[in-house]
Amino acid sequence: MKNKFHILLMMFCVALLPCRAQMMKPSVMVVPSNAWCQEHGFMMQTASGASYPDYKAAMNGSTDLVNMISKINIIMADRGFPLENLENALKSLSSDDVERKLYTDAEGNSIQMSALDEIYNSAATDLVLQLTWKVNRMGPKQSVTFNLQALDSYTNKQVAGAEGTGPPSFSADLSTLMEEAVLAHMDVFCDRLMRHFEDMREHGREVTVDVLLSEAAEINFATEFGDENLQEIITTLIAKEAVNHRFSRAASTETMLKYKSVRIPVRDDNGMPMDAYSFARRLSKQLRKEPCMLNSKVVAKGLGQAAIIISEE
């Protein structure tokens with residue numbers, strides 16, 4: 001009798017597994033859009049001359065922004081999406097990390113992690129929701145027009161969007177006007193998020209992996225190791241580790257190989273989220289073995305790009 005009970009219990013647990021997998025949703029973080037930050041003067045310029053939204057200044061300088069992000073967070077949480085709070089992500093960063101030198105490319109240019117890369121890397125969410133809104137005033141009435149763009153935080157590609165204008169009101173506060181504008185569009189928006197996430201679970205998420213040779217390396221990509229040269233070995237490793245062997249080669253040089261649209265698992269063998277850095281670490285460990293026996297280090301540029309720098313044999 002006990003054996004029958006245990007068998008039934010195991011069958012019940014197994015039956016629940018697909019349901020649990022189906023219920024898993026992508027994590028999200030809501031941020032003000034570039035356009036909103038530009039319009040309201042919340043931009044920062046790095047030493048290299050690039051301009052990025054200054055999220056910290058925006059959160060400190062606009063109570064309306066804090067309230068609007070809080071409202072979207074509540075709406076997404078009600079639909080079961082795991083959330084990362086922008087304020088918490090900002091707190092985990094030091095001012096010295098806003099622009100960090102990582103490595104040098106074949107032409108000697110410094111490759112840097114932008115302010116956005118730093119924040120996305122700290123939050124490590126699947127999707128970033130960029131919010132824009134404006135208040136419409138019609139005599140004593142006002143309404144809110146919003147635009148919500150969902151970006152894959154690994155590729156910065158837009159995967160979903162929603163926009164609309166809520167009904168005008170004489171007395172509703174700004175966050176209530178936002179809620180009334182957003183709610184009519186959220187079911188379709190969330191369905192698109194889930195379709196993108198399910199595609200990633202099945203086919204892998206996209207990342208970019210660069211392989212570079214340092215000045216200390218006494219080899220090149222044409223160096224033979226047994227029956228293959230180094231470039232062939234690296235390409236074979238990428239193909240082996242990528243989901244369904246999916247990747248593409250970008251324009252490369254004598255000292256750098258570039259692999260784009262590399263499909264990596266959403267989670268590793270231990271169930272932990274995988275990013276470009278952890279995937280590149282796998283490759284780096286393989287290069288240390290026979291036949292190559294090469295030392296290398298791995299550096300990250302945000303969640304979706306990493307570089308393997310081969311130093312010496």
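The values are calculated or read from the model by the stated rules, or taken from the named source; none is laboratory data. Just so it is clear, the model here is predicted, and its values are computed rather than measured. Virtual Cβ from ideal backbone geometry, glycine too; neighbours counted across all protein chains shown.
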Kindly state which helices (runs of 4 or more DSSP H) lie completely within segment 45-160 and contain at least 1 residues that are among the β-branched types (Val, Ile, Thr) and modelled with pLDDT of 95 or more. 63-78
Val188 out of contact with any helix residue (DSSP H, G or I) (no Cβ under 6 Å at 6 or more places or on another chain), of a type in the set (A, V, I, L, M, F, W, C) and free of Cβ contacts under 8 Å to residues at least 40 places away in the same chain: yes
Please work out which one of (1) surrounded by fewer than 17 Cβ atoms within 10 Å (Cβ to Cβ); (2) in contact with a Ser or Thr (Cβ under 6 Å, 6 or more places away or on another chain); (3) touching a residue at least 40 places away in the same chain (Cβ under 8 Å) is the condition Leu183 fails and give its number. (2)
Leading residue by the ranking (nearest to the chain's Cα centre (by Cα)) among those in segment 24-63 that are polar (S, T, N, Q) and surrounded by fewer than 15 Cβ atoms within 10 Å (Cβ to Cβ): Ser51
What's the total number of residues in segment 220-234 that are surrounded by fewer than 17 Cβ atoms within 10 Å (Cβ to Cβ) and in contact (Cβ under 8 Å) with a residue 24 or more places away in the chain? 4
Please go through segment 198-219 and give me each residue that is surrounded by 13 or more Cβ atoms within 10 Å (Cβ to Cβ) and either over 22 Å from Tyr154 (Cα atoms) or free of Cβ contacts under 8 Å to residues at least 40 places away in the same chain (or both), ordered by number. Glu198, Leu213, Ser214, Ala217, Ile219
Do you know which of the residues in segment 294-313 that are without any contact (Cβ under 8 Å) to a residue 24 or more places away in the chain and either surrounded by fewer than 21 Cβ atoms within 10 Å (Cβ to Cβ) or among the β-branched types (Val, Ile, Thr) (or both) is nearest to Ala276 (Cα to Cα)? Val298
